[in-house]
Amino acid sequence: MSTTQDIEIRDTAAKMAAADELTDVQGEKMVLNMGPSHPATHGVLRLRLEMDGEIITKAEPDVGYLHRGDEKIAENMTYNQFLPYTDRLDYLAPLANNVHYVLAVEKLLGITDDLPERCQYIRTICCELARISAHLLGLGAFAMDTGAFTVFLHTFTEREKVYNLIEALTGARFTTSYTRVGGLSRDLPEGWLDELSNFLDEVEINFDETETLLTRNPIFLGRTQDVGIITREEAIDFGLSGPNLRGSGVEHDVRKAQPYMIYDRFDFDVPVGTTGDCYDRYAIRILEMRESVKILRQCIADIPGGPINVDDGKIVLPPKEKVMTNMEELIHQFMLVTQGQDAPVGEIYFGAENPKGELGFYIHSLGGGTPHRLKIRAPSFVNLSILSQLLPGHMIADVVAILGSLDFVMGECDR
Amino acid sequence: MTSAAEFAQQLKDEFGELISEPTEFRGEITVNIADASRITEVCEFAKHELDFDYLIDISTLDHYGEDPRFSVVYELSSISHRQHLRLKTQVTEEHGEVPTITGVWRTADWHEREAYDMMGIKFVGHPNLTRILMWEGYPHFPLRKDFPLEGKPTEVPDVAFTKTAPMEGGPFVTIASSENSTVREPRRRNPEDGK
C-alpha cells in the first residue's frame, strides 16, 4: 500500500502527482542516493531519499565526508595558530570567519573593549564584504540549480571584484587569515577604500540586474514559491539561523540582538520573510546584500585613523625593529610565538552573524596558550538538520531548489 | 527587560538544590545542574516558562583524569528577550548517560549525535543515536583527551580505514623538555602513556 497518504504532500505539483499515483498500481518504493558528489549538493552532502514515484517519502541527510577534526587540532595549537583553519570552515566567507574567531578569543581574554576604533571598522568592512561575496555565490548557484544559468555568470563576475579587493587587502584571494588576536595582520593598502567605494557602486547595479533576471521571472517563481516552506515554529525548533531563519519571519539577527563590535552604530535594516519558502530566502539574501552595502558606505565615511592593534605586548607581536633592540619586546615576541596569549581560566560562547547564519565558538580554557576545548557552532550543520523534516512530501526536482535556498557550505558543516 | 542573571535565579527558585549558584564570566551566566538525569525538566522549564525558545548549541568537555569525567554544555538563547544562558551538567565515565532533550528542541537531535560521535556520551531516549561525522562502525571517540592527535589505526572492512597521521613536525605546541621533538609533539602525546 502506498505511504503517500501518511505524509503531508507539500506542494501543488506533488499533490497532482500524488493524486495520479493513487489511481495507479502501487509499486515498490525506491531508494535514491543523491551525492556525496552531486552538483546540487554544493560539496559533499549525501542524501538518502526514499521515493514513491517522484515524491519523497523519507530523507536522511548524511554529513561528515569533509570531517577534518578541526576541533581536535585546535586543542593543540595557540589561538593565533588556529586562525588559518577558520578560513576553511565557511570557505566562501573566510574573512568573516577570521573576524568572528578572533572576537571569540578576545572575549575570552577580556580585551574586547580595548580594540582600536580603526581595527573595528576594518573588521566590519571585512564581515560585510564577505557577506556580499558569499550571498553572490549562494544566489548564483541557487539560480543555476533552478535553471537560470545566466545569473551565476553574472554574480560570479562581481564576486571576482570582491576577490581582487581581498587580494589587495590580505595578499590571498581565498585563504585570507587576515585577522590576529588583538588586531589585524596589516592595515588597509593605500587607495583601497576608493576601490571599495567604486565596487559598491558597481555591485548595486549588479543587484538590480540580478533582480530583473529573477524576482519576477515566472520560471524561477514556479520553482521556488510555496516550495520548501519552513514555518516560524519549525525554524526556531530546528535552530535555523541567518537568512533561513529570517525567511520564516523570525526577526533575529545577532548583529541587532546582541550587537558586537560596532554594529550598534550603523543604520541598517534586517529583512524578514513572510511565508518561509525558497523564494523568501532568495529575496532576503538580495535585500541583505543591499543592507551590507549601506553598512559599508557608512564605514567608508566614518573610518578613523590610528592604530590597528591593541597596545599590549602580551597579546600582539611587537614591531620587528623593537624586538631586535629592546629586551622587553624580545621576551614578548618569544613568549607569544612559543606559548601564545595567556588566557584566563573560564569558558565563553561567542556567536556572530556569518553569511550562512550564526557562527559560534565555545572556548573552554584551563589557562595558558591553548584552549582546553574549542567547539564550533557551524550554521550549515544546524541548517541541514531540518532536511529530514522538510524534504518528505516534495518532488525530487524540488530538492535542488530547497538545497540551493538553504545555501550551506560543507566545509563548516563537517569541520 | 529581564536579564540572564534574573532568569538563572528563577531557575534556582523553581528547582532549588538541583541548580547551582549562577556564575558570571565575561557577561555570561552559567548554571550547573547537579543531577544530569533531570536535564529534560530544567530545559522544559527554561523553554516554556522562561521563554528560552532557541537552543544554540550543545558542546561536551572531557576533564580527563577527573571524576565526573565529562560535562555537557547547553547554550540557550531567548529570541524575544535577547538573552543567553548556559546550562552545564556532569556525566561520569561509568554511567555515561544523559537524557535526550530532542523532545524539547528538535535541533538537539544532530547536536546530541555529534556529542555521542565525538565524545561517546549516550543520550537516553534519542530517536536515532548513530554516528554523524564519523562512519558507522568506527570504534573510537576522537575528541576524548585519551585519543591521540595522530589518530589510531582502525579498519571496518569494505567501509573505511584509518592510519596514524605521519610525523612531519606540524605547527603544534610542543611540551617543553630536553627530549627530542618527536616525543614532545602533541601528536604523540597520549595520556595512556603517562605523558
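The values are calculated or read from the model by the stated rules, or taken from the named source; none is laboratory data. Given the structure is predicted, the values throughout are model-derived calculations rather than measurements. Virtual Cβ from ideal backbone geometry, glycine too; neighbours counted across all protein chains shown. For accessibility, only protein heavy atoms count, side chains too; no ligands or nucleic acids. Shrake-Rupley method; radii C 1.70, N 1.55, O 1.52, S 1.80 Å.
Of all residues in segment A:133-155, those being open to solvent by 20 Å² or more (accessible area, probe 1.4 Å) and assigned to a helix (DSSP H, G or I) number 8. Of the residues screened, B:Phe52 is one that is part of a loop (DSSP other than H, G, I, E, B) and more than 10 Å from every other protein chain (Cβ to nearest Cβ).
For segment A:166-185, the tally of residues that are touching a residue at least 24 places away in the same chain (Cβ under 8 Å) and in a loop (DSSP other than H, G, I, E, B) stands at 7. On the stretch given as segment B:22-35, residues that are open to solvent by 10 Å² or more (accessible area, probe 1.4 Å) and more than 13 Å from chain A (Cβ to nearest Cβ) total 3. State yes or no: is B:Ile132 under 29 Å from B:Arg26 (Cβ atoms) and part of a loop (DSSP other than H, G, I, E, B)? Answer is no for this residue. When segment A:246-256 is filtered for residues that are buried (at least 20 other Cβ atoms within 10 Å of the Cβ) and either out of contact with any strand residue (DSSP E or B) (no Cβ under 7 Å at 6 or more places or on another chain) or at the interface with chain B (Cβ under 9 Å from one of its Cβ atoms) (or both), the ones remaining, listed by number, are A:Arg246, A:Gly247, A:Ser248, A:Val250, A:His252. The criterion of at least 1 residues that are charged (D, E, K, R) and more than 21 Å from the chain's Cα centre (by Cα) is met, among helices (runs of 4 or more DSSP H) falling completely within segment A:187-254, by A:192-214, A:218-224, A:232-237. Listed by position, the strands (runs of 3 or more DSSP E) contained in segment A:303-415 that have at least 2 residues being β-branched (Val, Ile, Thr), more than 28 Å from the chain's Cα centre (by Cα) and under 30 Å from A:Pro189 (Cα atoms) form an empty set.
Residue selection: A:Ala352 fails the criterion of being modelled with pLDDT under 90, within 22 Å of A:Met261 (Cβ to Cβ), in contact with a Phe, Trp or Tyr (Cβ under 9 Å, 6 or more places away or on another chain) and of a type in the set (Gly, Ala, Ser). Filtered by the rule that a residue be in contact (Cβ under 8 Å) with a residue 24 or more places away in the chain, hydroxyl-bearing (Ser, Thr, Tyr), under 30 Å from A:Met335 (Cα atoms) and touching an Asp or Glu at 6+ places or on another chain (Cβ under 8 Å), segment A:38-93 gives no residues.
Right, A:Met289: part of a helix (DSSP H, G or I) and without any contact (Cβ under 8 Å) to a residue 40 or more places away in the chain or not? For A:Met289, the condition - part of a helix (DSSP H, G or I) and without any contact (Cβ under 8 Å) to a residue 40 or more places away in the chain - is not met. In the set (1) within 14 Å of chain B (Cβ to nearest Cβ); (2) surrounded by fewer than 19 Cβ atoms within 10 Å (Cβ to Cβ), the condition left unmet by A:Met327 is number (1).
If the condition is being under 19 Å from the mean Cα position of the chain (by Cα) and part of a helix (DSSP H, G or I), then segment B:1-40 contributes B:Ala36, B:Ser37, B:Arg38, B:Ile39, B:Thr40. Report whether or not B:Glu93 is in a loop (DSSP other than H, G, I, E, B), more than 8 Å from chain A (Cβ to nearest Cβ) and in contact with a Lys or Arg (Cβ under 7 Å, 6 or more places away or on another chain). Spelling it out, B:Glu93 is indeed in a loop (DSSP other than H, G, I, E, B), more than 8 Å from chain A (Cβ to nearest Cβ) and in contact with a Lys or Arg (Cβ under 7 Å, 6 or more places away or on another chain).
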